[in-house]
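Participant: The structure under discussion is supplied below as structure tokens; questions concerning it will follow.
The values are calculated or read from the model by the stated rules, or taken from the named source; none is laboratory data. Since this is a predicted model, take the numbers as computed values, not measurements. As a convention, Cβ positions derive from the backbone with ideal geometry for all residues, glycine included, and neighbour counts pool all protein chains shown.
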Amino acid sequence: MEALKKMPAQDVTNLPTELVAEGATIIKLENQTQMAIAVQRPRDESRILSDSLKELDLYPSMAREAIYVKPVGKDDSGVVKTAEGLSIRAAESLGNRWSNSSYGTEIVSETDESATIASVFLDYQANTRHVTMATVSKFYKTRQGQIVRYAPDRFDTVLKANGSKLLREVILRSLPAGLKKEYETKARIILKKEPIAAQRTAVIERFVDLGVTEGQLETWKGKPIKEWKREDILDALGLVNAIRDGEASIESVFPKGNGKEPTIPGLKPTV
């Protein structure tokens, strides 16, 4: 995901009135242009669906990126429960094909303690808008219970991870359920056709890049990787996508380290 754009709303009042008015006029003209295009060239949903599914045929490796699986606690018997869905990569791919629309994430305000981010999806054809917002703290709690401030570069990573989650949410909330379901079903069909040995190698490589060892993966699943079945591999692919997208953290699934470092989604944990 690209760096979040910063819009310091508190500084707008200090700008010349003419400049503020000019900016508002430009935005209004852009919106009017987009809406005019939507009227002249309405979207073809059947073509969008066809092109989206064709993308997976042309680039089957995208199927490995399309689905996330994240742990969401345990049931009464101690079994880990998971949630599944389309990843930020899949959401962006579908969002880009959903013509006559636009989306993005920006920092809308910032204080010494936190930053507030917002993701917006504009549908110029339906004349609708979806917005999601979140406040991200600049502090984290260590395993010893201490409250510590993130280093600036670490906080940037945390902010981007939260921005990715918001963006995924707002895009998928704005798209038809049928489009999302057909895309996910197609991705799973492709994954089930891939040679299982190649999938094992791919998932191991991706976890190793994050600092997770084969031993940790085997402990997580409770059996050697060579004995993993198709469902185990798909769970692992979904989990690594969830970590990449900021939906889960490495340390929450593969505990290690001394607890002095914050849990930052997608970062290699400190040994």
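Participant: Restricting the search to the range 36-65, which residues are under 15 Å from residue 87 (Cα atoms) and either in a helix (DSSP H, G or I) or modelled with pLDDT of 95 or more (or both)?
Facilitator: Residues satisfying the conditions are 52, 56, 62, 63, 64, 65.
Participant: Let me ask something else about it. Need pairs with beta-carbon distance below 7 Å; first residue acidic (Asp, Glu) and within the range 88-113, second surrounded by 15 or more Cβ atoms within 10 Å (Cβ to Cβ) and part of a loop (DSSP other than H, G, I, E, B); sequence gap 6+ or separate chains.
Facilitator: Pairs found: 106/4; 113/138.
Participant: Step by step: first the residues of the range 209-232, then only those that are more than 18 Å from residue 70 (Cα to Cα) and of a type in the set (Val, Ile, Thr), then the one that is surrounded by the fewest Cβ atoms within 10 Å (Cβ to Cβ). Which residue is that?
Facilitator: 213
Participant: Out of all the residues in the range 103-145, which are under 24 Å from residue 46 (Cβ atoms) and surrounded by 15 or more Cβ atoms within 10 Å (Cβ to Cβ)? Full working, then the answer.
Facilitator: Applying the first criterion (under 24 Å from residue 46 (Cβ atoms)) to the range 103-145 yields 103, 121-128, 130.
The answer is 103, 121, 122, 123, 124, 125, 130.
Participant: Any chance the range 181-193 includes a residue that's touching a Ser or Thr at 6+ places or on another chain (Cβ under 6 Å) and either buried (at least 19 other Cβ atoms within 10 Å of the Cβ) or among the β-branched types (Val, Ile, Thr) (or both)?
Facilitator: Of the range 181-193, the ones touching a Ser or Thr at 6+ places or on another chain (Cβ under 6 Å) are 183.
The next check asks that each one be either buried (at least 19 other Cβ atoms within 10 Å of the Cβ) or among the β-branched types (Val, Ile, Thr) (or both); those that pass are 183.
Checking the range 181-193: at least one residue is touching a Ser or Thr at 6+ places or on another chain (Cβ under 6 Å) and either buried (at least 19 other Cβ atoms within 10 Å of the Cβ) or among the β-branched types (Val, Ile, Thr) (or both).
Participant: Then there's this: Looking only at the range 67-82, filter to residues that are modelled with pLDDT of 85 or more and more than 16 Å from residue 177 (Cα to Cα); which one of those is surrounded by the most Cβ atoms within 10 Å (Cβ to Cβ)?
Facilitator: To start, the set of residues in the range 67-82 that are modelled with pLDDT of 85 or more comprises 67-69.
With more than 16 Å from residue 177 (Cα to Cα) added as a condition, the list becomes 68-69.
Details: 68: 26, 69: 21.
Residue satisfying both the conditions and the ranking: 68.
Participant: If you take just the helices (runs of 4 or more DSSP H) that sit entirely in the range 139-236, which of them hold at least 2 residues that are at pLDDT 90 or above and touching a His at 6+ places or on another chain (Cβ under 6 Å)? Spell out how you get there, then give the answer.
Facilitator: Working: elements: 152-174, 177-193, 196-209, 214-221.
In the range 139-236, 152-174 are the helices (runs of 4 or more DSSP H) which contain 2 or more residues that are at pLDDT 90 or above and touching a His at 6+ places or on another chain (Cβ under 6 Å).
Results for (1) in contact with a helix residue (DSSP H, G or I) (Cβ under 7 Å, 6 or more places away or on another chain); (2) among the hydrophobic types (A, V, I, L, M, F, W, C); (3) without any contact (Cβ under 8 Å) to a residue 24 or more places away in the chain, shown as yes or no for each residue.
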position: 195; (1), (2), (3): no, no, yes
position: 198; (1), (2), (3): no, yes, yes
position: 206; (1), (2), (3): yes, no, no
position: 210; (1), (2), (3): yes, yes, no
position: 218; (1), (2), (3): yes, no, yes
position: 221; (1), (2), (3): yes, no, yes
position: 230; (1), (2), (3): yes, no, no
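Participant: Looking at the range 119-127, is at least one residue among the polar types (S, T, N, Q), in contact (Cβ under 8 Å) with a residue 12 or more places away in the chain, out of contact with any Pro (no Cβ under 8 Å at 6 or more places or on another chain) and not in a strand (DSSP E or B)? Explain how you work it out, then say what you get.
Facilitator: If we filter the range 119-127 for residues that are among the polar types (S, T, N, Q), which is where we start, we get 119, 125, 127.
If we keep only those that are in contact (Cβ under 8 Å) with a residue 12 or more places away in the chain too, we end up with 119, 125, 127.
Subsequent filtering for residues that are out of contact with any Pro (no Cβ under 8 Å at 6 or more places or on another chain) retains 119, 127.
So of that shortlist, the ones also not in a strand (DSSP E or B) come out as 127.
Within the range 119-127, one or more residues are among the polar types (S, T, N, Q), in contact (Cβ under 8 Å) with a residue 12 or more places away in the chain, out of contact with any Pro (no Cβ under 8 Å at 6 or more places or on another chain) and not in a strand (DSSP E or B).
Participant: When you look at residue 247, is it surrounded by 16 or more Cβ atoms within 10 Å (Cβ to Cβ), at pLDDT below 90 and part of a loop (DSSP other than H, G, I, E, B), yes or no? Outline the logic, then answer.
Facilitator: Values: surrounded by 16 or more Cβ atoms within 10 Å (Cβ to Cβ): yes; at pLDDT below 90: yes; part of a loop (DSSP other than H, G, I, E, B): yes.
In short, yes.
Participant: List every residue pair whose Cβ atoms lie under 6 Å apart, where the two residues are 6 or more positions apart in sequence or sit on different chains, the first residue falls within the range 132-149 and is free of Cβ contacts under 8 Å to residues at least 24 places away in the same chain, and the second residue, located anywhere, is among the β-branched types (Val, Ile, Thr).
Facilitator: Listed pairs, sorted by first residue: 135/116; 141/147.
Participant: When you check residue 166 against the structure, is it of a type in the set (A, V, I, L, M, F, W, C), in contact with a Leu (Cβ under 8 Å, 6 or more places away or on another chain) and touching a residue at least 40 places away in the same chain (Cβ under 8 Å), yes or no? Outline the logic, then answer.
Facilitator: Numbers: of a type in the set (A, V, I, L, M, F, W, C): yes; in contact with a Leu (Cβ under 8 Å, 6 or more places away or on another chain): no; touching a residue at least 40 places away in the same chain (Cβ under 8 Å): yes.
When the stated conditions are applied, residue 166 does not pass them.
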